[in-house]
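Asks: Quick one: the structure is below, and I'll ask about it shortly.
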Amino acid sequence: MTDRTRPYNFAPGPAAIPDEVLREAAAEMLDWHGCGVGVMEMSHRGKEFMQIAAEAEADLRELLAVPAGFRILFLQGGGLGENAIVPMNLSRGGQVDFVQTGSWSKKSIAEARRYADVAVVATNSGSADSAIPDPSTWALRKGASYLHICSNETIDGVEFHALPDLAALGTDAPLVIDCSSHILSRPIDWSRVGLAFAGAQKNVGPAGLTMVIVRDDLLGHALPITPSAFDYRIVADNGSMFNTPPTWAIYVAGLTFKWIKANGGVAAMDARAAEKSALLYEALDATGFYVNRVAAASRSRMNVPFWLRDESLNDAFLAGAKERGLLALKGHKSVGGMRASIYNAMPVAGVRALVAWLQEFEKTHG
Ligand SMILES: *Cc1c(COP(=O)(O)O)cnc(C)c1O
């Protein structure tokens, strides 16, 4: 969006942060707005940080059009922490349903089994194209406290492009979404969601901050074993300051929220995600040299895993990419190959540069 001096970073998370955000954080490092200290050094209960946190929360609420009946909580513990914290708060010790669409939902399922009676009501496991099973086929249980989905599978590159309408499927169980790796890349239909959680380090800012957006009526049902710092009711009642929040991460996340607002809001991020992912998938699909097997309707716009058909060329591909300033394209160790994570902070020009490299590499090795 401005002139670039840095390489393009395709890391899956922690991931690229907009240059403008990093420059502003750097400029304010020693002295935030003339108060004499940097954000990392100030009290979380002082008026300066209270203002930073309140603005971050208000901007996030505005960007995602979060309705009045939902609380925004800033927590720690990451996405994996939420895999335990959500069942502790929402399961009421009973049944919890899951849709398994890849590695992250699988991890959520394993963790929830420690706290609740878990059922996998649908899965794409074993399907050749990882297509998300049609919601009409999900074997939802009547008594389930909630249904959990991972709305973007970061490792497998599988994304829900629409959230399921559980009411239409005949249940009033709330929907829980792990939207860690695509939050703020598209709007969220809150009429279909009871709770959304996301670690910040994919599409928002530094690691250490977890955002939880939860409907009011889901607060106050935590199991007695729930740590106080992870009891949503207690965290909400204390304005996310029951204990010291991750102040630096909240501050940088707040700068990112302002950057998104200045660049057209979530609608613009949504349009850019569509443009960038279309460019990339089109290049990958153009010939048989590269492979991505995810069904078109379930392909992620944020995380694009792909393979070279001839895997003996992997090292040459990565070395050449690095020379051209295209970093962190190596795929997750569990699936191999390559992965390009193209979050909000990735400019269209970065994807164009990657596409040019895909084509050049194919020309010389194809
Ligand atoms: C990265 C990620 C997580 C894990 O986050 P941590 O902060 O490492 O606990 C959870 N869910 C999804 C979808 C992710 O992409």
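The values are calculated or read from the model by the stated rules, or taken from the named source; none is laboratory data. Remember, it's a predicted structure, so these values are computed and weren't measured experimentally. Backbone-built Cβ (ideal geometry, glycine too); neighbour counts: all protein chains shown.
Asks: Identify all residues within region 318-329 that are more than 19 Å from the chain's Cα centre (by Cα) and either surrounded by 15 or more Cβ atoms within 10 Å (Cβ to Cβ) or of a type outside the set (D, E) (or both); write none if there are none.
Replies: Matches in region 318-329: L318, A319, G320, A321, K322, R324, G325, L326, L327.
Asks: Also: Six or more apart or on different chains, Cβ under 6 Å: which pairs go from a residue in region 181-200 that's over 23 Å from F10 (Cα atoms) and in contact (Cβ under 8 Å) with a residue 12 or more places away in the chain to one that's part of a loop (DSSP other than H, G, I, E, B) and within 14 Å of the ligand (Cβ to nearest atom)? Could you list them?
Replies: A196/C179
Asks: Among residues belonging to region 32-78 that are part of a strand (DSSP E or B) and closer than 13 Å to M241 by Cα, point out the one that is farthest from the ligand (Cβ to nearest atom). Walk me through how you get there before you give the answer.
Replies: So in region 32-78, the residues part of a strand (DSSP E or B) come out as 70-75.
Okay, now just the ones that are also closer than 13 Å to M241 by Cα, so 72-75.
Numbers: I72: 18, L73: 15, F74: 14, L75: 11 Å.
It comes out as I72.
Asks: Now a separate question. Identify, by number, the condition in (1) free of Cβ contacts under 8 Å to residues at least 24 places away in the same chain; (2) touching a helix residue (DSSP H, G or I) at 6+ places or on another chain (Cβ under 7 Å); (3) not assigned by TED's automatic domain parsing to the domain that holds L64 that A271 doesn't meet.
Replies: Failing condition for A271: (2).
Asks: Identify, please: which residue in region 1-28 is outside any helix (DSSP H, G or I) and among the charged types (D, E, K, R) and is, among those, modelled with the highest pLDDT?
Replies: E28
Asks: Could you run through region 224-233 and say how many residues are buried (at least 17 other Cβ atoms within 10 Å of the Cβ) and over 25 Å from the mean Cα position of the chain (by Cα)?
Replies: 0
Asks: So which residues in region 71-97 are over 19 Å from the mean Cα position of the chain (by Cα) and surrounded by 18 or more Cβ atoms within 10 Å (Cβ to Cβ), if there are any at all?
Replies: P87, M88, N89, L90, S91, V96, D97, listed by residue number.
Asks: Also: Going by what's in this entry, would F361 be described as over 20 Å from T154 (Cβ atoms) and either out of contact with any Gly (no Cβ under 7 Å at 6 or more places or on another chain) or exposed (fewer than 13 other Cβ atoms within 10 Å of the Cβ) (or both)?
Replies: no
Asks: Of the numbered conditions (1) away from the ligand (no atom under 13 Å from the Cβ); (2) surrounded by 24 or more Cβ atoms within 10 Å (Cβ to Cβ); (3) outside any strand (DSSP E or B); (4) β-branched (V, I, T), I183 satisfies every one except a single condition; which is it?
Replies: Against the list (1) away from the ligand (no atom under 13 Å from the Cβ); (2) surrounded by 24 or more Cβ atoms within 10 Å (Cβ to Cβ); (3) outside any strand (DSSP E or B); (4) β-branched (V, I, T), I183 comes up short only on (1).
Asks: Out of all the residues in region 79-113, which are over 20 Å from V212 (Cα atoms) and more than 16 Å from the ligand (Cβ to nearest atom)?
Replies: G93, G94, Q95, R113
Asks: Tell me, please, whether a residue that is among the aromatic types (F, W, Y) and within 17 Å of the chain's Cα centre (by Cα) can be found in region 100-115.
Replies: yes
Asks: Specify which of the listed residues (V204, V212, V176) is within 13 Å of the chain's Cα centre (by Cα), of a type in the set (V, I, T) and in a strand (DSSP E or B). Break it down into steps so the answer makes sense when it comes.
Replies: Working: V204 fails: in a strand (DSSP E or B); V176 fails: within 13 Å of the chain's Cα centre (by Cα).
The unique qualifying residue is V212.
Asks: While we're here: Could you check S130 against (1) surrounded by fewer than 16 Cβ atoms within 10 Å (Cβ to Cβ); (2) assigned to a loop (DSSP other than H, G, I, E, B); (3) among the small types (G, A, S) and say which number it fails?
Replies: (1)
Asks: Listed residues A68, A11, A56, A27; which is surrounded by 20 or more Cβ atoms within 10 Å (Cβ to Cβ) and among the small types (G, A, S)?
Replies: A56
Asks: So I250 fits all but one of (1) touching a strand residue (DSSP E or B) at 6+ places or on another chain (Cβ under 9 Å); (2) surrounded by fewer than 21 Cβ atoms within 10 Å (Cβ to Cβ); what number is the exception?
Replies: Of everything listed in (1) touching a strand residue (DSSP E or B) at 6+ places or on another chain (Cβ under 9 Å); (2) surrounded by fewer than 21 Cβ atoms within 10 Å (Cβ to Cβ), I250 misses just condition (2).
Asks: Could you grab me the full set of residues in region 146-167 that are of a type in the set (G, A, S) and surrounded by 24 or more Cβ atoms within 10 Å (Cβ to Cβ)?
Replies: Once the filter is applied, which keeps residues that are of a type in the set (G, A, S) and surrounded by 24 or more Cβ atoms within 10 Å (Cβ to Cβ), region 146-167 yields S151, G157.
Asks: Then there is this: Does at least one position in region 160-171 carry a residue that is in contact with a helix residue (DSSP H, G or I) (Cβ under 9 Å, 6 or more places away or on another chain), at negative phi and outside any loop (DSSP other than H, G, I, E, B)?
Replies: No, every residue in region 160-171 fails to be in contact with a helix residue (DSSP H, G or I) (Cβ under 9 Å, 6 or more places away or on another chain), at negative phi and outside any loop (DSSP other than H, G, I, E, B).
Asks: Which count do you get for residues in region 189-203 that are within 15 Å of the ligand (Cβ to nearest atom) and more than 16 Å from G77 (Cα to Cα)?
Replies: Residues flagged as within 15 Å of the ligand (Cβ to nearest atom) and more than 16 Å from G77 (Cα to Cα) within region 189-203 amount to 2.
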